[in-house]
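Below: one structure, written as structure tokens.
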2 protein chains.
Amino acid sequence: MSSKPLTPETIREVALRFKVLAEPARLLVLNVLREGPLNVGELIEETGLNQANLSKHLQLLHAGGFVSRQRDGLYVVYELSEASVFALCDIMCGQLQRQATAHARRLRR
Amino acid sequence: MSSKPLTPETIREVALRFKVLAEPARLLVLNVLREGPLNVGELIEETGLNQANLSKHLQLLHAGGFVSRQRDGLYVVYELSEASVFALCDIMCGQLQRQATAHARRLRR
DNA sequence: CAATTATATTACTATATGGTTATATAGCGA
DNA sequence: TCGCTATATAACCATATAGTAATATAATTG
């Protein structure tokens, strides 16, 4: 379905969105948030990223609309706002798998 | 479905694949190839990219398994090998649209 | 208000990468 | 073999960005 015309402007925006996902640290954050909302301190524990670095990644994820944020007293709680990210990752993993098996098949010959 | 464990290694590989798509020039190439296979000269015309630059992008797309390549005499013909890229783009565009409408709604209030 | 805690931001460094020009390689025909 | 054309690669520069340490801001409590 869909397949909009893909103007240069749209292409640029889509590329920007892919860029947000093109970083292991950010994928890790999204993956951790899959279990449920977490505040920054909890995210530091779960991801092992340091505070400043994590904060920067969170700003990017938030700017891209991938997570939403809500202050709760001293804490800021982040939550997935785009479950569709995991559809994307699943497709990517599917590609990886197909290529891996294709590669294996190639070797087997 | 699926939702494999997402090891750090998998996360890194998925990020790498997203990185290939995180570039307007490469999305443009893929979009042009959607119409059918083209050789490099034709891709230069269609995309407006210069020869060396396009060639580098093509190497990345090929390394990522997004396109396949076949020599035909003097020419090298590139072809989409992963139609699933457009499922990805469609999801991204869907996100863009949802965010745009959400933004519009927010303004309207 | 002062002290404390949680988060965001700034400033900086190091690295990666896109674009360009020049050069190299590959395949074709004479 | 020698040109000629198509494509790939190398070398370079400029820019973007991830990581880090230090600092700033925000909210809470006393």
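Looking across A:ALA25, A:ALA83, A:ALA63, one residue alone is more than 8 Å from DNA strand C (Cβ to nearest atom) and farther than 21 Å from B:PRO8 by Cα. It is A:ALA63. Whenever a residue of the range A:44-72 is within 14 Å of chain B (Cβ to nearest Cβ), its partners that are near DNA strand C (Cβ under 9 Å from one of its atoms), lying with C-beta atoms within less than 6 angstrom and at least six residues away or across chains, give the pairs A:HIS62/A:ARG69; A:VAL67/A:TYR78. The condition of being within 22 Å of A:ARG26 (Cα to Cα) and either surrounded by fewer than 20 Cβ atoms within 10 Å (Cβ to Cβ) or hydrophobic (A, V, I, L, M, F, W, C) (or both) holds for only one of B:GLU13, B:GLU42, B:GLU46, that being B:GLU13.
One line per residue, one yes/no per condition, for (1) in contact with a helix residue (DSSP H, G or I) (Cβ under 9 Å, 6 or more places away or on another chain); (2) near DNA strand C (Cβ under 10 Å from one of its atoms); (3) over 29 Å from B:CYS93 (Cβ atoms):
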position	(1), (2), (3)
A:VAL40	yes, yes, yes
A:ALA52	no, yes, yes
A:LYS56	no, yes, no
A:GLU79	yes, no, no
A:CYS93	yes, no, no
A:LEU96	yes, no, no
A:ALA102	no, no, no
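When A:ARG98 is tested against the conditions (1) at pLDDT 95 or above; (2) touching an Asp or Glu at 6+ places or on another chain (Cβ under 9 Å); (3) charged (D, E, K, R), the lone failure is (1).
The values are calculated or read from the model by the stated rules, or taken from the named source; none is laboratory data. No experiment lies behind these values; they were computed from the predicted model shown. Cβ: placed from backbone, ideal geometry, glycine included. Neighbour counts: every protein chain shown.
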